[in-house]
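See below for the structure under consideration.
The values are calculated or read from the model by the stated rules, or taken from the named source; none is laboratory data. Fair warning: this is a prediction, and the values are worked out from it, not measured in the lab. Cβ coordinates were reconstructed from backbone atoms using ideal geometry, including for glycine residues, and neighbour counts include every protein chain displayed.
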Amino acid sequence: MDVVFFFQWLDGSMLAEFSKSSSGIFAVVQTIHIASMVVLGGMLLLGDLRMLNVVLPDVPSSLVIENTKKWIYLALVFIVLSGIYEASAIAMKLAYNSFFFAKMAGLSMGIVFILSLRSAVYRRAPGLVYPEGSSQTLSQSDTLRPWIVKLVAVTNLLIWFGVASSGRWIGFS
Amino acid sequence: MLNELLFRFASWLDTFQSSTDLHEALYMYSWVESAHVLTLMLFLGMLLVIDLRLLGVAFKNIPASKIVERLDKPMMIGFIVMVISGALLFYAIPVRSTQSIWFRIKVVLLIAAGVNAFLIRKMTRSSAMKAWDNDPVPPKRIRVGAALSLGLWTLVIGAGRSMAYDWWDCTKELPYFMYWAAGCVNEMAAFEQ
């Protein structure tokens, strides 16, 4: 499917006119984009490294995941909004940039992954990822095998690493 | 005087063939820059979690000491990689970096953030921490330090990002003060003549 028409529309929009006119505001929006990436990256890393028992192994994993949720959603909103603003300034360049499409594919996959599989699996994380003797340990029948939880954590880290690196390479291509 | 010294140091670094090679490398420079940005996630991501806990806005049901102590190691790993990659980026373009007003602002902000981090570290490693370790909201001095930390690091990101722009490069026509602040030694001399 040819999507160039979308980039042509974006390039001719009022948003593009505004984003192209001020490099100062563009730099501020870039800073917001990177700062939101730090929030998203930090919270995802914390949750996934916890599930891999690398950080905070003696803190119930449900506590860690619960605390990171709203920051992940908030960061995603800022990343998407600032990303649209940035894209509008170079829409026609992005229309033919394969790293941009790789990033968009990764981003969509990452969002679907954290909202569906990651969330469902982490809710049913087994006793292994809870501290020993914790009252929050689920019964055996309700839990998933530890390797499934760890596989989800590694997959999520790989997806988001791919998104961040392909985003960085848009600037080099 | 300081501008002169910094310029000489940067010019000396610039004479190394490896500096030019790194700058002109097809992929290596991009990889180093990518590593610098990606380790931001690890270093600042962990620092963010610590600061949010010390601010009393997140992770309130986890003791502050646990967050501070357990996230220290991954945070420091990210910091070390970030410093090494940052030093390499400077080595690749020493003169322009030294004469960038944004790079200078970044360095000043980094020093301020470092001093602030040292003070927070001292306060969160003392025995007095036991008194508020489980409190959802830590004492005011701790919250002020955490807010300062978040603010300073956001400004560091902004200054780093702005280095890519040529608004106040030495090649532009600028007032004398800006030449001085950016360390444009040759332009300052021409201005004085």
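State whether one or more residues within segment A:12-27 are under 18 Å from B:Thr154 (Cβ atoms), among the β-branched types (Val, Ile, Thr), out of contact with any Phe, Trp or Tyr (no Cβ under 9 Å at 6 or more places or on another chain) and without any contact (Cβ under 8 Å) to a residue 40 or more places away in the chain.
Checked segment A:12-27: no residue is under 18 Å from B:Thr154 (Cβ atoms), among the β-branched types (Val, Ile, Thr), out of contact with any Phe, Trp or Tyr (no Cβ under 9 Å at 6 or more places or on another chain) and without any contact (Cβ under 8 Å) to a residue 40 or more places away in the chain.
Name the single residue that is surrounded by the fewest Cβ atoms within 10 Å (Cβ to Cβ) among those in segment A:144-161 being farther than 13 Å from B:Val37 by Cα and within 11 Å of another protein chain (Cβ to nearest Cβ).
A:Leu157
Criterion first (assigned to a helix (DSSP H, G or I), within 12 Å of chain A (Cβ to nearest Cβ), without any contact (Cβ under 8 Å) to a residue 40 or more places away in the chain and of a type outside the set (A, V, I, L, M, F, W, C)) does B:Ser30 satisfy it?
yes
Do we find that B:Leu22 is surrounded by 14 or more Cβ atoms within 10 Å (Cβ to Cβ) and at pLDDT 95 or above in this structure?
yes
In segment B:55-71, what count of residues is obtained for those that are assigned to a helix (DSSP H, G or I), surrounded by 17 or more Cβ atoms within 10 Å (Cβ to Cβ) and more than 10 Å from chain A (Cβ to nearest Cβ)?
3
Would you call A:Ser98 touching a helix residue (DSSP H, G or I) at 6+ places or on another chain (Cβ under 8 Å) and either acidic (Asp, Glu) or over 21 Å from A:Leu157 (Cβ atoms) (or both)?
It is false that A:Ser98 is touching a helix residue (DSSP H, G or I) at 6+ places or on another chain (Cβ under 8 Å) and either acidic (Asp, Glu) or over 21 Å from A:Leu157 (Cβ atoms) (or both).
With closer than 18 Å to B:Lys66 by Cβ, of a type in the set (A, V, I, L, M) and assigned to a helix (DSSP H, G or I) as the only criterion, which of B:Ala146, B:Ala117 stands out?
Matching residue, one of B:Ala146, B:Ala117: B:Ala146.
How about segment A:32-47: which of its residues are within 8 Å of chain B (Cβ to nearest Cβ) and small (Gly, Ala, Ser)?
Passing the criteria: A:Ala35, A:Gly41, A:Gly42.
Kindly indicate whether A:Asp58 is of a type in the set (Asp, Glu) and farther than 22 Å from A:Leu157 by Cα.
It is false that A:Asp58 is of a type in the set (Asp, Glu) and farther than 22 Å from A:Leu157 by Cα.
Pick out, from segment A:1-92, the helices (runs of 4 or more DSSP H) lying fully within it that include 3 or more residues that are in contact with a Ser or Thr (Cβ under 7 Å, 6 or more places away or on another chain).
A:14-21, A:23-51, A:61-89
Restricting to segment A:62-88, and then to whatever is within 13 Å of chain B (Cβ to nearest Cβ) and more than 30 Å from B:Asp72 (Cβ to Cβ), can you tell me which residue is surrounded by the most Cβ atoms within 10 Å (Cβ to Cβ)?
A:Ser82
Condition first: within 14 Å of chain A (Cβ to nearest Cβ) and either without any contact (Cβ under 8 Å) to a residue 60 or more places away in the chain or surrounded by fewer than 20 Cβ atoms within 10 Å (Cβ to Cβ) (or both). Can you find one or more residues in segment B:172-183 that meet it?
Yes - at least one qualifying residue is present in segment B:172-183.
From the list A:Phe7, A:Phe26, exactly one residue is among the aromatic types (Phe, Trp, Tyr) and under 23 Å from the mean Cα position of the chain (by Cα). Which is it?
Only one candidate passes the filter, namely A:Phe26.
When segment A:137-166 is examined, which residues are found to be assigned to a helix (DSSP H, G or I) and at pLDDT below 85?
Correct list: A:Gln140, A:Ser141, A:Asp142.
Return the only residue of B:Leu52, B:Leu38 being more than 7 Å from chain A (Cβ to nearest Cβ), hydrophobic (A, V, I, L, M, F, W, C) and either crowded, with 18+ Cβ neighbours inside 10 Å or over 18 Å from A:Leu44 (Cα atoms) (or both).
Of the residues listed, the single one that is more than 7 Å from chain A (Cβ to nearest Cβ), hydrophobic (A, V, I, L, M, F, W, C) and either crowded, with 18+ Cβ neighbours inside 10 Å or over 18 Å from A:Leu44 (Cα atoms) (or both) is B:Leu52.
In the set A:Val29, A:Val59, which member is within 22 Å of B:Met163 (Cα to Cα), of a type in the set (A, V, I, L, M), within 14 Å of chain B (Cβ to nearest Cβ) and surrounded by 14 or more Cβ atoms within 10 Å (Cβ to Cβ)?
Just one listed residue meets the conditions, A:Val29.
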